[in-house]
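The values are calculated or read from the model by the stated rules, or taken from the named source; none is laboratory data. Note that the structure is a prediction, hence the values are computed from the model and not measured. Positions of Cβ are generated from backbone atoms using ideal geometry, with glycine treated the same way; all protein chains shown enter the neighbour counts.
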Amino acid sequence: MTSTDHIGQSHRRENALRHLAGRGRFVTDLALPRMVHAAFVRSPMAKGKIVELDVSAAAEAPGVVRVFTAETLNPICAPWTGTLDHFAGMKSAPQNMLAEGQVLWAGHPVAMILAHSRAEAEDACELVLLDIEDEEAVVDGDAALVEGTPLVSEGIDSNLCFRTVLETPGLDEAFANAAHVVEDSFTFGRHTAVTLEPRAVVADFDPSTGQLTVHHGTQTPYQFQDVYAHQFGLPDNKVRVIAPDVGGSFGMKLHVYNEEMAVVAASLKLGRPVRFVADRLESFVSDVHARDHRVSARMAMDAQGTILAMDVDDMTQIGAISTYPRTSVAEGNQVIRLMGAPYTMPDYRGRLSVVFQNKVQTSQYRAVGHPIACAVTEALVDRAAEQLDLDPIEIRQRNLVADDAYPHVSATGYQFEKLSHHAALAKLREIMGYDALRAEQAELRKQGIYRGIGIASFVEITNPGAAFYGVGGARVSAQDGAIVRLTPSGEVHCAISVTEQGQGTETIIAQVVADQLGVTPDQVKVTTGDTDTTPSGGATWACRGAGIGGETALRAGRRLQAQILAIAGAVLQAEPATLALAGGTVVDKATGKERITLAEIGRIATYRPDTLPEGCDNSLTAVQHFAPTGYPFDFTNGIQASHVEVDIETGVTRLLKHWVVEDCGRIINPLLVDEQIRGGVVQGLGPAFFEECMYDDMGQMTNASLADYLVPMAGEMPDIEIAHIETPTLDTILGAKGVGEAGTAAAGAAAMNAVNDALRPMGARISQTPMTPLRILTALGHV
Amino acid sequence: MKSPAFEYVRAESVADAMSAYAEADGDAVYLSGGHSVVPSLALRLQAPALLIDLSNIAALSGISLHDGWLRIGAMTRHVQALKDPLIAAHAPLFTAAAPFVAHPAIRNRGTLGGSLAHADPASEFPAAAVAMRAELEIASSQGIRRVPADDFFVDIYETAIEPGEVLQAIHVPSPVAGQVIGFDEIARRRGDYAMVGAAVQAVSRGSGLEDVSIALFSVGNHPVRARKAQAALTGRMIDADAIADAQAALEDDLDPPDDPQFPASMRLHLARVLLGRVLANLEAVA
Amino acid sequence: MKADITLTVNGEAVRETVEPRTSLADLLRDNLRLTGTHLGCEMGACGACLVMLDGVAVHACLVLAVQADGQKVETIEGLNDSGLIKDLQETFHDRNALQCGFCTNGMLMSAYALLAGNSDPSRDEIRDALSGNYCRCTGYEAIVDAISAAADHRLNKAKGAQ
């Protein structure tokens, strides 16, 4: 039995106090002795050949310490290629830090300037003579595949990065026998993470010891320890990556970037600290972008509205190169595997084409693939409801996998241990007052006010094992590790590989450990984000902090508990099994009576180990690594609803309210879980209504500043009401699953259904995101 | 995003400022609130040798009433347009426009004069100035002149201010009995530049509207006076027909820019919708 | 040419020599090492760099250090030490109104400025006051709740004092 004194409670985050006091410790804030600042000369063109690159004037500029080009920097770094074996046949051109001969997107770094200040480095950038022979850029994914279109880069034989098809044997028959078929084509815009703290890195190589320390704003420090060691030929124990406070990551900061690699290389070359902080303009043309899909899809139903099959074709546009080490294929791969996931749908065909073009690379970003699969599925379900004259709730009741029908395998092969779609749907209906909202909607339409209600069921992939990347050869850890120890004064310290970017990782780990050791969470100090002081692990990606990190901490805590009880048993001449930990002390299990304090255990084990029996382990330190077993992933499920008002004269939308019912298994901290969901929802609503990286025909991003790229702001975002179902996974003792991506997974889908519900009386539809006033007015025939 | 190097001088008088400008051979930029100049420097869109700070010049500040005109010093902050009772009473379209201008911290520092001199075609205060028939007081080495707002806004980011001249103040004629105003805009997010905006002023008499003044913004290279729409409303009571006629007249009044992200037809459509809404909600101010 | 400037930062007199192009934000962060003021866009669009300048909230990225010569600057560090935002810090903590913490400085500045001029703001007024503060993590609702709760506490305290 797990003690539940603190697991399940809304503990506040201790580390929030530092931020509230202005005492955050971000890489951006770091200044080291002899540190120099990097700025990059970037290609102004989307594609071309470098004809001339003359850095001599820049090298002489005030404050400049060194200028590097591909010729002088790239040789110390092994090239990297963003392909994985389990994506059979995928290809991508090898990359290195600075462009070699050819530029592949507008923003591609060509030269690196190191100066005493960033301002001086930027001054010198203006002195670099860069002549590029413009070549025809490939800017559109469909056009990229047309015969005769130029190749996006050298080193590939076509602009198709990867193609795959999933198909069940009964697909054609299902469509042939269908009473109803609905179909639509969708366009999901390209958007980007816009973490408020941009990418930041300070690399500090000490040639006297051969020690490389990289302060890196990332969610995956161990991955980068491995990347730096391998690409630069260093022993990994001489590479220390420290990720202190990170100002947002969301998947964007776990990819290998040219600039970070160049900063490490420059520090190796110069033997002094080198700092790079992307400014916002650079962020827009060098951070990974996300999504950018065109999907054609159809859904077959019988006469009763039972979903028989879906047939989906996804073309996703990933930019000039596939990211390393996770590739840019994972997103599309999840899109085609998550289609129809909440439903009993027996047959399916999903075709995926991953296509290059001369733009910034796209890759994993919060809720990888989920928003696309969810939006397509749920839009078609709503279209089906319309065609069959069923209420959107009714059609979902008819098709969601029954709560007692688990385990269940989806048509795409995903295995679900136990989900709660119907309970979630019922709860959603209740908390949103669905029937009253429908009545209000009908009433308001008479007054010319058009409101829409949109619903979207979803599943989310969490707690991934090695099936995600490891099987494809990626050196991405699927296991995590923790060291829990009792200090000489009887306090607890936990060093763990999962990392914190504000989601509350350290707090929930403290809660889990506290419950194993009978202490309070504030007695447990948690250390994360430093490869020298914490065990190696996957850290934070694909929703694993609570489920995998929590389980690791739980098991480590239990090991330490056993050690403590063994020492206590020796000291007290009692059978350890008769003892327990509670209230910061060792107690008699039967009576709860205090026997000896943890401080006393710490004192004896540390200062008087001679008084313990021979062979008694006095280390008071437990190490535990844990990799998920059982199901390849622990899926969560939930449902969201969006209430939107559309001004049918202006195309302007107003988000009135949003609801989420979520089942992430065992909830460790309700306060933090709800805020993960809220933040995730808004991260899904942003690209549904506002966020889009816009490009012109030449491959130039035309809105690459925070004045022109519209992020979701407080004035436009709705209040979000949340309820829970709790179905713990039986794969772990803790029973927790992930929750970080659930909000983002379905918010846009619910919103698109809501807008289309509002537009329905006018016979208008929208199937492109973001749903801008222009697109809505176009749908309405006003433009 | 660090600015290129420049020299800086804080001028104590308009004459000081203008002579500093002359000494720099025109390779200088005046700095008032800095909320357009500083970002453009950080973006390296311009690289003047000298920045001349106008914030300490007494002649550019102050709000006072003279002979039926309100004089608003060019350094008056946006937030004062929102809160100052004299502006609310005598230049009410500035007060009505202010909540739409950016965000609280920007309004704390941005200046009315800076906004007018910058002349962003999507910005609110220039259109309010046109609709109120304001006059702009410009200092040059030859002396001071007043330019009607209609003649002040010349093109995109271009005004009647000649190089080296300083916008000193905005003069707004006080409202007359029966004056009504309306201001609104359609923007993607609160505080964003408008997709389309409208500033309207008129005098409501028993017989109908007189002295109708309509300035639309974000529909052309500068605030656009909608003369045909004004004519369509003159002498008429505000009703559905009058509004429809004014909306229809915009076809002739406007020639919006065309852009794939924002087609001319959309701007025209939005301008019609917005004008209709503003006209239906005119408020009495005197 | 570098300029000598004197200003009061968090109650302390500060003399610095800066290039005219140095922003107030860079002066605070790089010269004075007051790193609680953050930079998210350097063009006044994100609100992470808000400070109080002579008593009003401004973007430290849009003010040149030389312009602040002779003026009083309060940063998050100063407001923290003064205790003036203690209630906001508590309600932000209670409500988990921050995640990564990078926007928090700006959010607290906007909240502080709002409550100084409006003791009983509606949720919509709070959202409006935050309209220039970007947060990627929270979705804003918790921040609105926290500011609303701090306003309520102040009102209740004022009532109790009567």
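Any chance you could count how many residues in the range A:209-251 are within 14 Å of another protein chain (Cβ to nearest Cβ), within 18 Å of A:T323 (Cβ to Cβ) and touching a helix residue (DSSP H, G or I) at 6+ places or on another chain (Cβ under 9 Å)? Give the derivation first.
Of all residues in the range A:209-251, those within 14 Å of another protein chain (Cβ to nearest Cβ) come to A:215, A:217-219, A:243-251.
Going one step further and asking which of them are within 18 Å of A:T323 (Cβ to Cβ), we end up with A:217-219, A:249-251.
With touching a helix residue (DSSP H, G or I) at 6+ places or on another chain (Cβ under 9 Å) added as a condition, the list becomes A:217-219, A:250.
Residues flagged as within 14 Å of another protein chain (Cβ to nearest Cβ), within 18 Å of A:T323 (Cβ to Cβ) and touching a helix residue (DSSP H, G or I) at 6+ places or on another chain (Cβ under 9 Å) within the range A:209-251 amount to 4.
For the range B:27-51, what are the residues that are of a type in the set (S, T, N, Q) and touching a strand residue (DSSP E or B) at 6+ places or on another chain (Cβ under 8 Å)? B:S32, B:Q46 - these are the residues of the range B:27-51 that are of a type in the set (S, T, N, Q) and touching a strand residue (DSSP E or B) at 6+ places or on another chain (Cβ under 8 Å). Among the conditions (1) at pLDDT 95 or above; (2) within 23 Å of the chain's Cα centre (by Cα), the only one that B:A28 does not satisfy is (2). Within the range A:499-546, being among the polar types (S, T, N, Q) and assigned to a loop (DSSP other than H, G, I, E, B) holds for A:T499, A:Q501, A:Q503, A:T520, A:T528, A:T531, A:T533, A:T534, A:S536, A:T540. I'm trying to understand the selection: among the residues of the range C:28-54, which are under 12 Å from C:V9 (Cα atoms), more than 8 Å from chain A (Cβ to nearest Cβ) and not in a helix (DSSP H, G or I)? The answer is C:L32, C:V51, C:M52, C:L53, C:D54.
Among all positions in the range A:275-285, there is no residue which is touching a Cys at 6+ places or on another chain (Cβ under 6 Å), assigned by TED's automatic domain parsing to the domain that holds A:V201 and more than 16 Å from A:R118 (Cβ to Cβ).
Whether any residue in the range A:691-709 is closer than 28 Å to A:P342 by Cβ and out of contact with any Gly (no Cβ under 6 Å at 6 or more places or on another chain) is what I want to check. Lay out the reasoning, then the answer.
Our first condition is that a residue be closer than 28 Å to A:P342 by Cβ; within the range A:691-709, this holds for A:691-692.
If we keep only those that are out of contact with any Gly (no Cβ under 6 Å at 6 or more places or on another chain) as well, we get A:691.
Yes, some residue in the range A:691-709 is closer than 28 Å to A:P342 by Cβ and out of contact with any Gly (no Cβ under 6 Å at 6 or more places or on another chain).
Annotation: of all residues in the range A:759-783 being more than 14 Å from every other protein chain (Cβ to nearest Cβ) and in contact with a helix residue (DSSP H, G or I) (Cβ under 7 Å, 6 or more places away or on another chain), the one that is nearest to B:A194 (Cα to Cα) is A:T769. Taking first residues from the range A:21-47 that are of a type in the set (D, E) and partners that are buried (at least 18 other Cβ atoms within 10 Å of the Cβ), the Cβ contacts under 7 Å between residues at least 6 apart in sequence or on separate chains come to A:D29/C:T35.
Check whether at least one residue in the range A:276-297 is of a type in the set (S, T, N, Q), assigned to a loop (DSSP other than H, G, I, E, B) and at pLDDT 95 or above, and report yes or no. If you could, list the steps in order and put the result at the bottom.
Applying the first criterion (of a type in the set (S, T, N, Q)) to the range A:276-297 yields A:283, A:286, A:296.
Then drop every residue that is not assigned to a loop (DSSP other than H, G, I, E, B), which leaves none.
The answer is no; no qualifying residue exists.
The single condition among (1) within 27 Å of A:H116 (Cα to Cα); (2) under 25 Å from the mean Cα position of the chain (by Cα); (3) hydrophobic (A, V, I, L, M, F, W, C) that A:A290 does not satisfy is (1). Per the conditions (1) away from chain C (no Cβ under 14 Å); (2) of a type outside the set (D, E, K, R); (3) touching a Phe, Trp or Tyr at 6+ places or on another chain (Cβ under 7 Å), the sole criterion not satisfied by A:L20 is (1). For the range A:464-498, the set of residues classified as outside any loop (DSSP other than H, G, I, E, B), aliphatic (A, V, I, L, M) and closer than 25 Å to A:I242 by Cα consists of A:A482, A:I483, A:V484, A:L486, A:V492, A:A495, A:I496, listed by residue number. Within the range B:251-286, the residues that satisfy the criterion of being closer than 21 Å to B:E210 by Cα and touching a strand residue (DSSP E or B) at 6+ places or on another chain (Cβ under 8 Å) are B:D253, B:L274, B:L275, B:R277, B:V278, B:L279, B:N281, B:L282, B:E283, B:A284, B:V285, B:A286. In this structure, is A:G247 crowded, with 24+ Cβ neighbours inside 10 Å, at pLDDT 95 or above and touching a Lys or Arg at 6+ places or on another chain (Cβ under 9 Å)? Taking the combined requirement at face value, the residue satisfies it.
For beta carbons closer than 8 Å, sequence separation of 6+ or different chains, a first residue in the range C:133-162 that is over 25 Å from A:P687 (Cβ atoms) and of a type in the set (K, R) and a second that is assigned to a loop (DSSP other than H, G, I, E, B) and at pLDDT 95 or above, the qualifying pairs are C:R154/C:S119.
Only one entry in A:E649, A:E614 is surrounded by fewer than 22 Cβ atoms within 10 Å (Cβ to Cβ), part of a loop (DSSP other than H, G, I, E, B) and in the same structural domain as A:Q768 (by TED's automatic domain parsing), namely A:E649. Looking at the range B:38-57, can you tell me whether even one residue there is surrounded by 16 or more Cβ atoms within 10 Å (Cβ to Cβ), farther than 22 Å from C:L62 by Cβ and within 14 Å of another protein chain (Cβ to nearest Cβ)? The answer is no; no qualifying residue exists.
I want to confirm something. Restricting to the range C:113-162 and keeping residues that are polar (S, T, N, Q) and more than 14 Å from chain B (Cβ to nearest Cβ), which single residue is surrounded by the most Cβ atoms within 10 Å (Cβ to Cβ)? Steps first, please.
Going through the range C:113-162, the residues polar (S, T, N, Q) turn out to be C:118-119, C:122, C:131, C:133, C:138, C:148, C:156, C:162.
Then drop every residue that is not more than 14 Å from chain B (Cβ to nearest Cβ), which leaves C:119, C:122, C:138, C:148, C:156, C:162.
Values: C:S119: 11, C:S122: 11, C:T138: 27, C:S148: 19, C:N156: 10, C:Q162: 4.
Looking at the filtered set, the residue picked out is C:T138.
The range A:115-227 holds strands (runs of 3 or more DSSP E) entirely within its bounds, and those carrying 1 or more residues that are under 25 Å from A:A290 (Cβ atoms) map to A:160-167, A:180-192, A:200-206, A:211-216. Within the range C:23-60, if we keep just the residues that are in contact (Cβ under 8 Å) with a residue 40 or more places away in the chain and of a type in the set (S, T, Y), the residue that is nearest to C:L130 (Cα to Cα) turns out to be C:T37. Residue count for the range A:712-735, restricted to those that are more than 15 Å from A:G680 (Cβ to Cβ), touching a residue at least 60 places away in the same chain (Cβ under 8 Å) and within 14 Å of chain B (Cβ to nearest Cβ): 1.
Does A:K657 count as in contact (Cβ under 8 Å) with a residue 24 or more places away in the chain, basic (K, R), touching a Phe, Trp or Tyr at 6+ places or on another chain (Cβ under 8 Å) and more than 30 Å from A:V285 (Cα to Cα)?
Values: in contact (Cβ under 8 Å) with a residue 24 or more places away in the chain: yes; basic (K, R): yes; touching a Phe, Trp or Tyr at 6+ places or on another chain (Cβ under 8 Å): no; more than 30 Å from A:V285 (Cα to Cα): yes.
So A:K657 does not fit the description; no.
I need the full set of residues from the range A:298-317 which are in a strand (DSSP E or B), within 17 Å of A:E173 (Cβ to Cβ) and among the hydrophobic types (A, V, I, L, M, F, W, C), in order please. A:M299, A:A300, A:M301, A:I307, A:L308, A:A309, A:M310, listed by residue number. If A:L73 satisfies all but one of (1) in a loop (DSSP other than H, G, I, E, B); (2) surrounded by fewer than 23 Cβ atoms within 10 Å (Cβ to Cβ), what's the number of the condition it fails? So the condition that A:L73 fails would be (1). Looking only at the range A:105-137, residues that are more than 30 Å from C:V18 (Cβ to Cβ), of a type in the set (A, V, I, L, M, F, W, C) and either more than 28 Å from the chain's Cα centre (by Cα) or surrounded by fewer than 16 Cβ atoms within 10 Å (Cβ to Cβ) (or both) come to 5 in all. Note on the range A:669-701: among residues that are in a loop (DSSP other than H, G, I, E, B) and within 14 Å of chain C (Cβ to nearest Cβ), the one that is surrounded by the most Cβ atoms within 10 Å (Cβ to Cβ) is A:N669.
Which of the residues belonging to the range B:260-274 are modelled with pLDDT of 95 or more, more than 7 Å from chain A (Cβ to nearest Cβ) and over 11 Å from B:I186 (Cβ atoms)? Quick ask: steps written out before the conclusion?
Let us first name the residues in the range B:260-274 that are modelled with pLDDT of 95 or more, namely B:263-274.
Narrowing the set further to residues that are more than 7 Å from chain A (Cβ to nearest Cβ) leaves B:264, B:267-268, B:271-272, B:274.
Passing the criteria: B:A264, B:L268, B:R272.
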